[in-house]
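One structure is given here, and the rest of the page talks about it.
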């Protein structure tokens with residue numbers, strides 16, 4: 001029973017892929033769908049961040065201004081490093097700077113975690 005269901009699902013995906021490849025304007029429709037999917041993922045990640053902030057608000061404010069700023073700065077630098085990674089890796093200096101940024105993020109997160117665990 002599961003083999004038939006799997007074969008049906010593979011056939012459906014192959015049919016959709018063939019339609020995107022063969023129909024005129026299929027590439028544009030696929031690009032539009034991809035953009036909508038990325039916006040949906042972005043909204044979902046933002047909502048997850050909001051929920052995590054609301055659930056851990058007391059712990060975040062208990063860190064104090066210095067470590068809370070370090071945490072938020074590390075998250076901002078991590079976001080920048082992820083977004084800029086393809087462009088930074090085009091040059092050797094950019095790659096070194098990227099690894100330095102990632103090292104800063106890891107060090108900062110470890111410092112915040114160690115401070116948080118001292119309570």
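With N counted as the residues of region 1-55, its alpha-carbon radius of gyration over 2.2 N^0.38 Å works out to 1.71.
Can you tell me the 0 to 90 degree angle between the C-alpha axis of helix 2-22 and the longest principal axis of the chain, rounded to 10? The angle comes out at about 80 degrees. Expressed per residue, the C-alpha convex hull volume of the chain stands at 195 Å³. Full extension of the chain segment joining residue 20 with residue 82 gains 19.3 nm, where the gain is 0.36 nm per residue of separation less the Cα-Cα distance. Both numbers refer to the Cα atoms of region 63-119; Rg and Dmax are 13.1, 44 Å. Length gained on full extension, residue 97 to residue 32: 20.0 nm, using 0.36 nm per residue less the C-alpha separation.
Ordered by the count of other Cβ atoms within 10 Å of each Cβ, fewest first, 115, 107 give 107, 115.
Here the contact order of the chain, divided by its residue count and restricted to Cα pairs under 8 Å and six or more residues apart, works out to 20 percent. Note on the chain: GNM, Cα springs under 10 Å; of 39, 13, 83, the largest mean-square fluctuation is that of 13. Springs join every pair of Cα atoms under 10 Å in this Gaussian network model of the chain, and among 69, 17, 100 the largest mean-square fluctuation is at 17. The Cα center of region 87-105 and the Cα center of region 37-78 differ in position by 23 Å. You can think of it this way: the chain between residue 89 and residue 56 has 8.4 nm of extra reach, that is 0.36 nm per residue less the Cα-Cα gap. Please give the helix 65-88 orientation as an angle from the longest Cα principal axis of the chain, in degrees from 0 to 90, rounded to the nearest 10. Value to nearest ten degrees: 40. For the chain, modelled as a Gaussian network with Cα springs under 10 Å, which listed residue fluctuates most, 92, 49, 103? Ranking 92, 49, 103 by mean-square fluctuation puts 92 first.
No value in this document is a laboratory result; all are computed from the given coordinates. Predicted model only: the values in this text are computed from it and were never measured. Cβ atoms come from the backbone with ideal geometry, glycine included; neighbour counts cover every protein chain shown.
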